[in-house]
1. Among the numbered conditions (1) in a strand (DSSP E or B); (2) more than 30 Å from residue 349 (Cα to Cα), tell me where residue 49 comes up short.
2. Could you identify the single residue in 27, 38 that is assigned to a loop (DSSP other than H, G, I, E, B), farther than 18 Å from residue 329 by Cβ and within 19 Å of the chain's Cα centre (by Cα)?
3. Identify all residues within region 311-342 that are over 17 Å from residue 355 (Cα atoms), within 15 Å of ligand 1 (Cβ to nearest atom) and either part of a helix (DSSP H, G or I) or free of Cβ contacts under 8 Å to residues at least 24 places away in the same chain (or both); write none if there are none.
4. Could you tell me which of the residues 289, 285 is in contact with a helix residue (DSSP H, G or I) (Cβ under 6 Å, 6 or more places away or on another chain), modelled with pLDDT of 95 or more and within 16 Å of ligand 2 (Cβ to nearest atom)?
5. Within 15 Å of ligand 1 (Cβ to nearest atom) and either touching a strand residue (DSSP E or B) at 6+ places or on another chain (Cβ under 8 Å) or at pLDDT below 95 (or both) - does that describe any residue in region 363-386?
6. Just the residues that are within 16 Å of ligand 1 (Cβ to nearest atom) and under 27 Å from residue 351 (Cα atoms), please, taken from region 288-301.
7. Condition (residue is within 16 Å of ligand 2 (Cβ to nearest atom) and assigned to a strand (DSSP E or B)) applied to region 347-362: is it met by at least one residue?
8. Answer yes if at least one residue in region 236-249 is within 16 Å of ligand 2 (Cβ to nearest atom) and more than 29 Å from residue 87 (Cα to Cα), and no otherwise.
Ligand code: GCO
Ligand code: MG
């Protein structure tokens with residue numbers, strides 16, 4: 001099982017996705033996801049120019065050893081670009097091992113702990129009524145948990161809103177940032193947003209009672225004291241969790257939130273290594289760990305972290321937005337199925353173009369995800385179809401406050 005080739009495939013069926021393809025001497029092909037939204041070229045170069053050559057000739061079965069080699073053996077370590085490159089390699093190696101022994105990855109992690117995964121979708125409404133309507137539509141498909149967002153009314157100006165900046169493209173709300181509009185920042189006011197957050201949440205709870213679970217992603221926009229105040233005021237509406245209330249660097253800020261409130265906290269899509277989440281997990285500062293399997297080095301460290309989190313009653317709710325590929329969704333689902341402390345899975349619909357490229361073994365129906373028993377990650381990649389969708393240069397949005405200073409989005 002010697003590694004013969006390490007290649008990348010960049011494709012844009014709506015959004016950009018970077019795939020790692022590893023081929024062994026005996027002809028086994030493994031695929032992994034190395035997509036980092038808005039930084040695809042940096043990861044591609046890291047893989048092709050800097051990491052691939054270390055891997056040629058190595059035994060593809062020595063996944064942990066190769067992980068260590070890439071992570072610290074080559075000196076520069078950590079950060080989203082390198083950890084995403086490493087994740088692509090790691091997933092491809094698990095895929096190869098599964099194909100070699102003809103078993104799914106979850107079997108290598110101890111087998112399934114559950115029959116299906118509960119999933120949640122993003123829902124956005126310009127107004128609270130539109131949001132409730134969107135939730136009703138999704139409820140008709142069986143979904144019972146929602147990550148809700150809304151646009152915030154500017155109380156100082158008639159008919160003006162602070163638009164939610166990080167909308168899922170599938171909702172048709174996202175403003176694509178291209179070279180033409182890269183200099184046009186969106187404006188944000190956290191005070192106004194927080195006021196609406198409490199009111200909208202109260203409205204949703206009042207409208208739906210306990211029929212649904214609610215998750216709100218504040219996307220690191222609060223300072224620790226703002227987050228503590230929001231979490232305290234949200235208590236009566238019993239969220240499943242308040243996501244990313246503060247930036248990951250404010251670990252002590254999480255203590256402040258805990259001190260003031262029992263609203264459960266979800267954190268993690270910006271964590272890149274086990275060291276980032278050690279203290280939050282061990283000190284019980286978070287309830288749901290939301291690491292992104294593609295930005296955290298892949299299956300190997302995500303599974304190890306899940307085992308550690310289990311010892312501290314922290315549940316796993318992997319980051320699963322539309323900006324990682326179905327290969328990443330497959331990888332995280334194999335881990336989800338194999339761990340006792342699975343919490344919930346963020347989920348998205350695939351468009352037709354994606355379905356042409358990725359033939360996955362995951363199926364969503366009635367609010368739950370099921371996984372078949374194909375070997376490896378269980379995803380067939382149609383490389384010819386991938387070639388039809390050329391890379392498109394896209395950028396991440398920028399948010400500024402009313403005075404023009406940069407604000408977290
Ligand atoms: C989520 C996330 C995403 C991110 C995106 C950034 O919880 O799904 O916050 O919407 O904004 O992954 O690229
Ligand atoms: Mg998030």
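1. Result: residue 49 fails condition (1) only.
2. Exactly one of 27, 38 is assigned to a loop (DSSP other than H, G, I, E, B), farther than 18 Å from residue 329 by Cβ and within 19 Å of the chain's Cα centre (by Cα), namely 38.
3. 332
4. That would be 289, the only listed residue that is in contact with a helix residue (DSSP H, G or I) (Cβ under 6 Å, 6 or more places away or on another chain), modelled with pLDDT of 95 or more and within 16 Å of ligand 2 (Cβ to nearest atom).
5. Looking through region 363-386, none of the residues is within 15 Å of ligand 1 (Cβ to nearest atom) and either touching a strand residue (DSSP E or B) at 6+ places or on another chain (Cβ under 8 Å) or at pLDDT below 95 (or both).
6. Answer for region 288-301, where residues must be within 16 Å of ligand 1 (Cβ to nearest atom) and under 27 Å from residue 351 (Cα atoms): 290, 291, 292, 293, 294, 295, 296.
7. There is no residue in region 347-362 that is within 16 Å of ligand 2 (Cβ to nearest atom) and assigned to a strand (DSSP E or B).
8. yes
The values are calculated or read from the model by the stated rules, or taken from the named source; none is laboratory data. Everything numeric in this text was worked out from a predicted model, so none of it was measured. Reconstructed Cβ throughout: ideal geometry from the backbone, glycine too, with neighbour counts over all protein chains shown.
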